[in-house]
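What follows draws every value from the coordinates through simple rules; no lab data is involved. Being a predicted model, the structure only gives us computed values, none of them experimental. Note that we place each Cβ from the backbone using ideal geometry, even for glycine, and neighbour counts take in every protein chain shown.
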Amino acid sequence: MALDILVVDNDARIVVRNLGVILPKDKITLHPAYSGEEAVEQLRERDYRLVVLDYNIGEMNGFETAKAIREIKPKVRMIGFSSDWFNDEAEQVGLEFYASDMYSIAKHISGLFD
């Protein structure tokens, strides 16, 4: 069964494409969301196991989006994809990991399969 991952980034299509090249296609299904509002809407409609969340994504930044996600799906796993995440914010919203490079994000996601 594939791991459903919601990728929240104003350039989500590019992130999805890049992660799709790195990660095993038979183990993941990547779904893009282009804003915090869109991510919250998608999380209400589908049960994602992981959210990859950029920080600078529009009117709702990553921190605000993560707080809204926690209200809807308190146990969903989240990782941050941006150099703009600060340790205190990441800890406050329960990010399990954050990094600014695609390789580190992909490596962390790959570790979920082990």
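When each of the peptides 40-52, 17-29 is scored by how many other beta carbons lie within 10 Å of its residues on average, the order from highest to lowest is 40-52, 17-29.
Where only DSSP H runs of four or more residues are counted, the chain gives -12500 deg cm²/dmol as its mean residue ellipticity at 222 nm, each run worth -39500 (n - 2.57). Annotation: amide H of residue 98 within the under-5 Å range of 80, sequence separation 5 or more or interchain, hydrogens built in the peptide plane. What you get for the range 1-93, charging only the Cβ of Lys and Arg (+1) and of Asp and Glu (-1), is a dipole of about 540 debye around the Cα centre. Summing Lys and Arg as +1 and Asp and Glu as -1 over all other residues whose Cβ lies under 13 Å from the Cβ of residue 102 gives a net charge of -2.
Note down the net charge around residue 32, summing +1 for each Lys or Arg and -1 for each Asp or Glu among other residues with Cβ under 10 Å from its Cβ. Write out the running numbers ahead of the final one.
Numbers: positive: 13, 17; negative: 9, 11, 38.
Here the count lands on -1.
Contact order for the chain, expressed relative to its length and based on alpha carbon pairs under 8 Å spaced 6+ residues apart, stands at 25 percent. Extension gain, residue 87 to residue 13, is 24.0 nm, computed as 0.36 nm per intervening residue step minus the present C-alpha separation. The residues neighbouring residue 70, those whose beta-carbon lies less than 12 Å from its own, together hold a net charge of +2 under the Lys/Arg +1, Asp/Glu -1 convention.
Here's the picture: charge each Lys and Arg Cβ at +1 and each Asp and Glu Cβ at -1 in the chain, and of 92, 33, 61 the one pushed furthest to the positive end of that dipole is 33.
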